[in-house]
1. Take the conditions in contact with a strand residue (DSSP E or B) (Cβ under 9 Å, 6 or more places away or on another chain) and within 16 Å of the ligand (Cβ to nearest atom) and apply them to residue 190. Does it pass?
2. Take the residues in the stretch 198-227 that are touching a strand residue (DSSP E or B) at 6+ places or on another chain (Cβ under 6 Å) and closer than 19 Å to residue 355 by Cβ; name whichever of them is least open to solvent (accessible area, probe 1.4 Å).
3. If you take the residues of the stretch 321-345 that are of a type in the set (Gly, Ala, Ser) and more than 16 Å from the ligand (Cβ to nearest atom), which of them is nearest to residue 219 (Cα to Cα)?
4. Out of all the residues in the stretch 43-67, which are within 15 Å of residue 115 (Cβ to Cβ) and without any contact (Cβ under 8 Å) to a residue 24 or more places away in the chain?
5. For residue 163, work out the one condition from (1) crowded, with 24+ Cβ neighbours inside 10 Å; (2) of a type in the set (Ser, Thr, Tyr); (3) away from the ligand (no atom under 16 Å from the Cβ) it doesn't fulfil.
6. Pull up the stretch 306-320, narrow it to residues that are among the charged types (D, E, K, R) and either closer than 12 Å to residue 289 by Cα or within 8 Å of the ligand (Cβ to nearest atom) (or both), then point me to the one that is least open to solvent (accessible area, probe 1.4 Å).
7. Any chance the stretch 176-197 includes a residue that's among the basic types (Lys, Arg) and open to solvent by 20 Å² or more (accessible area, probe 1.4 Å)?
8. Report, by residue number, each residue of the stretch 239-266 that is within 14 Å of the ligand (Cβ to nearest atom) and either over 17 Å from the mean Cα position of the chain (by Cα) or free of Cβ contacts under 8 Å to residues at least 40 places away in the same chain (or both).
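The values are calculated or read from the model by the stated rules, or taken from the named source; none is laboratory data. Given the structure is predicted, the values throughout are model-derived calculations rather than measurements. In this analysis, Cβ positions are derived from the backbone assuming ideal geometry, glycine residues included, and neighbour counts consider all displayed protein chains. We work out accessible area using only protein heavy atoms, side chains counted, and drop any ligands, DNA or RNA first. Shrake-Rupley method; radii C 1.70, N 1.55, O 1.52, S 1.80 Å.
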Amino acid sequence: MKKILVTGGAGFIGSHLVDALVDRGYSVRVMDALVPQVHGEGATEPKHLPASVEFLRGDVTSVDDWRRALDGIDVVFHDAAEVGVGQSMYEITRYMQANTMGTAVLLELLAAKEYTIEKLIVASSMSIYGEGGYRCATCGPVFPTLRSGAQLSERSWEMQCPTCHEAVGAEPTAETKPLYPTSIYAISKRDQEEMSLSVGRAYGIPTVALRYFNTYGPRQSVSNPYTGVAAIFSSRLLNGHAPLIFEDGLQSRDFTHVSDIVQANLLAMDRDTANYEAFNVGTGRPLTVLDVAQSLIDAMHLDLKPEVVGKFREGDIRHCYADITKAQTLLGYSPRVTFEEGIADLVSWVQSQESADLVPQAVQELEQRGLTR
Ligand code: UD1
């Protein structure tokens, strides 16, 4: 029977993956640092981990912790990471240490052949694209980078063609789109992906990078104001506060239910066609931030209106949604959970939670550092 290590296995995506692996009868070990920002101060092993799972409290920057974690392991899912995009712009060493250097420690142990594994699956991110793909009516497919300061100060939110400056429309983003990470978090995720694929190829360790799109679902920390927008809005609503919407709310993302992220991970483990490749894991359907806020308000039966603050968050992109053709073809991946079903699932879990609304504090931190305008 395979023995599997999931780093970050106490966290949001990792814990759902652990459940699926345990259901399949694998022997599972989790290494997780139980970061207080996510798990709360003084957190111990989370209750939701199945009893059969071996839990190691460990830090990915520690070679000794990796050694304990890797002993006897056949497959590694590396999902441990610091995940706050805005926060990564001032806690730069923390993010690079955990995400880039943490992966470096793992790869050096694998390169030294101290441990022989069958497969390594790393959590990459759509953030490495920066802006998604666009099409200009005159110039065809184009890849604009970030909007200029001048454009944003006019509160002109939509993207323009980098060549003729006409308005452009968003298109599905394929893996072939040039990478243009716009935050320290995104840079660290690109490092992690490229380092893993490079070392994997060099030493013949089958390695797969999964570029997760905006993941939502139960167990996403509702008290962590640096996490994804669906959890942030849920935390606001649980406290009777309106969601705060940056720009005009019409920016779009590809909201992907955590169970589909798990599906892609299992396929990446099972299929040899996945080896040495990077895949988008999304749904292929764009939704606006305003749609998400309104869907949550409706599902929670609240009498609140999203508050459009009209400000811009430094490093934010306007649109990005996945072209999932490669994952469909090589992995046999097919997203199963519609947004409507996923939101119902999220809300039924959110309503059983208690949450401190720490969003105002996080927004204030961004403001003090000039990271919103
Ligand atoms: C980023 C990363 C993604 C990562 C995710 C969670 C990029 C391009 N992507 O996604 O890889 O998984 O963070 O860490 O960097 N928003 C509001 N109000 C809020 C919070 C957010 O309007 O209170 C808006 C943002 O301005 C943005 C959108 O919602 O336009 C999505 O934000 P967020 O959930 O942070 O995700 P991304 O930035 O897309």
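1. Numbers: in contact with a strand residue (DSSP E or B) (Cβ under 9 Å, 6 or more places away or on another chain): yes; within 16 Å of the ligand (Cβ to nearest atom): yes.
Criteria met by residue 190.
2. Among them, the one singled out is 217.
3. Applying the first criterion (of a type in the set (Gly, Ala, Ser)) to the stretch 321-345 yields 322, 327, 332, 334, 342, 344.
If we keep only those that are more than 16 Å from the ligand (Cβ to nearest atom) too, we end up with 327, 332, 334, 344.
Values: 327: 25, 332: 27, 334: 23, 344: 14 Å.
Going through the qualifying residues, I end up with 344.
4. 64, the sole residue that qualifies.
5. Here residue 163 clears every test but (1).
6. Applying the filter and picking the extreme gives 318.
7. Yes - at least one qualifying residue is present in the stretch 176-197.
8. Result: 239, 241, 242, 243, 244, 245, 246, 247, 248, 249, 250, 251.
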